[in-house]
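One structure is given here, and the rest of the page talks about it.
The values are calculated or read from the model by the stated rules, or taken from the named source; none is laboratory data. Computed from a prediction, not measured in an experiment: that's the story for all the values here. All Cβ positions, glycine included, derive from the backbone under ideal geometry; neighbour counts span all protein chains shown.
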Amino acid sequence: MRFSIYSLLFCHFIFAQTNYPKDYFRSPLDIPMQLSGNFGELRPNHFHAGFDLKTNQKEGLNVYAVGDGYVSRIKISTFGNGKTIYITHPNGYTSVYGHLQTPLGSILEYVQKTHYKEKSFEIEMYLKPDELIVNKGQVIALTGNTGASEGPHLHFEFRDSKTEFIINPMFFGFDKNFTDTKKPTISSLYVYPIDNTIVNQSKQPLLLNLSLQKDGTYLASKVKANGKIGFGISTVDFDDVSFNKNGVFNVSTFFNGNQNFNYQFNTYSFYEMRYVNALIDYSKYKKTGQRIQKLFMKTPFALSIIKTDSLSGIITAEPNLASNYRIEVSDYYGNLNSVTIPIEYDSVLPIVKTEPVISKYFIRYDKDSNFEKDNMSVFFPAGTFYEDFNLNFDVKNNRIYIHDDTVPVHSNFTVSIQDSSYNEVVRDKVFIGRISGKSVSYNFTTRKNDVFSIKSKTLGQYGLFTDTAAPTITITKPIQDKWISDVKKIQFIINDNLSGIKSYNGYLNGNWILFEYDNKTKRITHNFEDSLLLEGANDLKIEVVDNVGNSAIFETHFFRSQQK
């Protein structure tokens, strides 16, 4: 996880050296572009990979290919970006369109054939350059709200076709579609004592007061420290139209006039996404929901957008030396805000001491660690965490307690529980679940003899659970023995209260048919097609299986006339 220190770059925009084409691509929509989310915005467990474009709070708007090319990938998922189309362009870039309601034309035909070929709603297709060619301005889909979308919008992004690195769409001339004359806002500033430092008579992070100056910048209250310290800020940006809180483009810090830390949201890989949890004060985020962006690295991590000096942004208050620290934040348009922090050396004893550590164990982030008690264990490979920390670990009342989720996890660790008390009838119905309050979340569980194991990226409390209850299937509008010749679609609500839904299938007169699943409403929907229906009597069957193999079947019988 360690990385070689980058040489510090002194120009804010030196990152954007690539000459991206400015007039090659058009807008993916035919309405004025408004952002509900921008590139690099801080999200749970990831940086935002592109633009979220508003669609007038509705679905069904035309989505256009932004340039000539071919459909290179299509992914239909119940989570993430939902229904997504990827178009590879001849100039080396790929455009991505997510949360779609439906593809259109030949793309839809290709998707429908694949659904029935694979007999699955969730599919992923990689296409050859000559299979689905599209032209700039061609309508390829309708906007929607599929996947993990929290409201109708279009997710749009650019990638380098060879490296798969995500690129800020602003670089491709899309900055001309927005107006932004507003400076980013800095809502809070924290100072962090490092190692055994005392800051303003505290060994814990402190919120600093900010005073607005006549020139629009901020002056922070004086920092008095006796050693190493770092800073963190909460900052967002607004444009002139959208009124949404967006992420800032560039953050730079200067110690006594010398730049010592910088990051700019220009381009990065998907492998770096989870480093958002190392960039922010993760513990404060989990406790308060506030994202404080740390401007130092106590332990360096390999996020490529960060450029820093040899001390990773950490500064030292020294005797007989008054120092000055400045933070500058700016948006893509160069609107800039700053805060200045005066620093003095002070050796006064602390009033606020560090929180007491009640722990028997210590984790070194760069070493393998294994902890066992009774019949339960947890194994952390080297690189699971970003920093060293004191771990709380215990086993009691048939539960394994692995610290809490205020410590970020970068990669999978393994939890194992041995239990021979389950008989053969229920053994395959047993899984390891994470306990949060009164709720239990399912984890994919493997079993070798009497040992159950999972991979996880979340610390907390785990235990064994047995799920022997079948899922439930409820039709939204009964059709048993009814004539439904004018009905265009049929819907069911499928649910499982413990391990969750693994798969579902629908059959019309014995033949598999497509049901689309919406994870937000737990509904599956089939749009009737005349070619699949019989004149008169039709039989419909739904089968649903949960994650441990319990299954449920719903059958109904209806009548339909094809005569118009």
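One table, with the values for the structure above:
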{"quantity": "Subset of region 418-434 [assigned to a strand (DSSP E or B) and in contact with a Ser or Thr (Cβ under 8 Å, 6 or more places away or on another chain)]", "calculated": "V430, F431, I432, G433, R434"}
{"quantity": "So Q480, is it in contact (Cβ under 8 Å) with a residue 40 or more places away in the chain and surrounded by fewer than 13 Cβ atoms within 10 Å (Cβ to Cβ)", "calculated": "yes"}
{"quantity": "Residue within region 296-318 that is within 22 Å of T197 (Cβ to Cβ), surrounded by 19 or more Cβ atoms within 10 Å (Cβ to Cβ) and touching a helix residue (DSSP H, G or I) at 6+ places or on another chain (Cβ under 6 Å) present", "calculated": "yes"}
{"quantity": "Residue satisfying all of: in region 547-564; among the aromatic types (F, W, Y) and more than 40 Å from the chain's Cα centre (by Cα); nearest to V430 (Cα to Cα) among these", "calculated": "F558"}
{"quantity": "Unique residue being over 24 Å from L53 (Cα atoms), surrounded by fewer than 18 Cβ atoms within 10 Å (Cβ to Cβ), touching a strand residue (DSSP E or B) at 6+ places or on another chain (Cβ under 9 Å) and not assigned by TED's automatic domain parsing to the domain that holds I166 when the list is S252, S211", "calculated": "S211"}
{"quantity": "Considering residues of region 281-312 that are of a type in the set (V, I, T) and not in a loop (DSSP other than H, G, I, E, B) only, the residue farthest from S234 (Cα to Cα)", "calculated": "T308"}
{"quantity": "Count of residues meeting criterion [among the acidic types (D, E) and either touching a residue at least 24 places away in the same chain (Cβ under 8 Å) or not in a loop (DSSP other than H, G, I, E, B) (or both)] in region 374-388", "calculated": "2"}
{"quantity": "Residues being over 30 Å from G80 (Cα atoms) and out of contact with any strand residue (DSSP E or B) (no Cβ under 7 Å at 6 or more places or on another chain) - total across region 516-560", "calculated": "4"}
{"quantity": "Residue among V236, V248, V276 that alone is assigned to a loop (DSSP other than H, G, I, E, B), under 30 Å from Y93 (Cα atoms), β-branched (V, I, T) and touching a residue at least 12 places away in the same chain (Cβ under 8 Å)", "calculated": "V248"}
{"quantity": "Which listed residue is in a loop (DSSP other than H, G, I, E, B), in the same structural domain as I74 (by TED's automatic domain parsing) and surrounded by fewer than 18 Cβ atoms within 10 Å (Cβ to Cβ), from E164, E109, E124", "calculated": "E164"}
{"quantity": "Residues located in region 379-419, provided they are of a type in the set (A, V, I, L, M, F, W, C) and either over 22 Å from N449 (Cβ atoms) or in contact with a helix residue (DSSP H, G or I) (Cβ under 8 Å, 6 or more places away or on another chain) (or both)", "calculated": "F380, A382, F385, F389, L391, F393, I402, V407, V409"}
{"quantity": "The lone exception for N196 - which of (1) modelled with pLDDT of 95 or more; (2) exposed (fewer than 12 other Cβ atoms within 10 Å of the Cβ); (3) not hydroxyl-bearing (S, T, Y) it fails", "calculated": "(1)"}
{"quantity": "Selection status of L391, without any contact (Cβ under 8 Å) to a residue 60 or more places away in the chain and hydrophobic (A, V, I, L, M, F, W, C)", "calculated": "yes"}
